[in-house]
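Engineer: Dropping a structure here in structure tokens format, bear with me for questions.
The values are calculated or read from the model by the stated rules, or taken from the named source; none is laboratory data. Since the model is a prediction, treat every value here as computed from it, not as a measurement. So basically every Cβ, Gly included, is an ideal-geometry build from the backbone, and we count neighbours across all protein chains shown. Just the protein is used for accessible areas: all its heavy atoms, side chains included, with ligands, DNA and RNA removed. Shrake-Rupley method; radii C 1.70, N 1.55, O 1.52, S 1.80 Å.
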Amino acid sequence: AAVVREMCGSGRSVDVLVAAAGTGKTFSLDAARDARQQSGYRVIGCALSAAAAHELQAGSGIRSTTIAKLNLDLERGDQRLDERTVLVVDEAGMVGTRTLAPLLSDAVMHRTKVVLVGDPKQLPEIQAGGVLAALAKRHPVVTLTENRRQNDETERWALQQLRDGHAEVAVGALRQ
């Protein structure tokens, strides 16, 4: 609830949601989408891959596409951003800076609210990047930390170890 209130009421042009897998990110985005739409905003989403965009849309109800398709639609005039739009960029930690830059420039130009969602400790971007990690260090961040997906305490602990870069410890715990 606190994350949804922060994302909807921060007044910032960019919000950063850092959330590990299983912490309720999609559930929170769905609630934020509902609140924003009830307030007269249009909420759209995008992700680097079509699979991630589909997952975002299926789980949160946010109409979503790939970043490449959204950039192309904006360039052609088939899509538009404005001050009554909220743009959610899922898995933002995997998006290269050059891929994200045109989208963010358009959002700034049209005073569109941007929500960058991801986990800087997950898979990194392939191209030059680091936008999410850099913003997470320099910008107010909204976080979800409690794993709600895994019921087994050992699995939760092992996943946290894996996220923290301790793969051998995680695998050892799961083997036991």
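Engineer: Which pairs turn up if I take residues in the range 88-109 that are farther than 25 Å from C8 by Cβ and modelled with pLDDT under 90 and look for partners that are aliphatic (A, V, I, L, M) and in a helix (DSSP H, G or I) with beta carbon separation below 7 Å, at least 6 apart in sequence or on another chain?
Structural biologist: T97/V131; T99/I67
Engineer: Could we say that A101 is of a type in the set (A, V, I, L, M), more than 15 Å from V115 (Cα to Cα) and open to solvent by 20 Å² or more (accessible area, probe 1.4 Å) here?
Structural biologist: no
Engineer: Name the residues in the range 7-33 that are open to solvent by 70 Å² or more (accessible area, probe 1.4 Å) and closer than 30 Å to N151 by Cβ, would you?
Structural biologist: Within the range 7-33, just F27 meets the criteria.
Engineer: Scan the range 111-128 for residues that are open to solvent by 70 Å² or more (accessible area, probe 1.4 Å) and either modelled with pLDDT of 95 or more or touching a Phe, Trp or Tyr at 6+ places or on another chain (Cβ under 6 Å) (or both) and report the count.
Structural biologist: 1
Engineer: In the list G45, G40, G24, which residue meets the criterion of being modelled with pLDDT of 95 or more, closer than 24 Å to G11 by Cβ and within 13 Å of the chain's Cα centre (by Cα)?
Structural biologist: Result of the check over G45, G40, G24: G45.
Engineer: Moving to a separate point now. Which ones in the range 69-78 are among the aliphatic types (A, V, I, L, M) and touching a Cys at 6+ places or on another chain (Cβ under 9 Å)?
Structural biologist: L70
Engineer: Go through the residues of the range 8-17 one by one and say whether even a single one is within 19 Å of V114 (Cβ to Cβ), assigned to a helix (DSSP H, G or I) and modelled with pLDDT of 95 or more.
Structural biologist: No, the range 8-17 contains no residue that is within 19 Å of V114 (Cβ to Cβ), assigned to a helix (DSSP H, G or I) and modelled with pLDDT of 95 or more.
Engineer: Please count how many residues of the range 69-81 are modelled with pLDDT under 95 and within 19 Å of G118 (Cβ to Cβ).
Structural biologist: Matching residues across the range 69-81 total 1.
Engineer: Does any residue in the range 23-49 that is of a type in the set (V, I, T) come within less than 9 Å, Cβ to Cβ, of a residue that is in a loop (DSSP other than H, G, I, E, B) and open to solvent by 50 Å² or more (accessible area, probe 1.4 Å) six or more places away or on a different chain, and which pairs are these?
Structural biologist: Hits for this filter: T23/T145; T23/E146; T23/R148; T23/R149.
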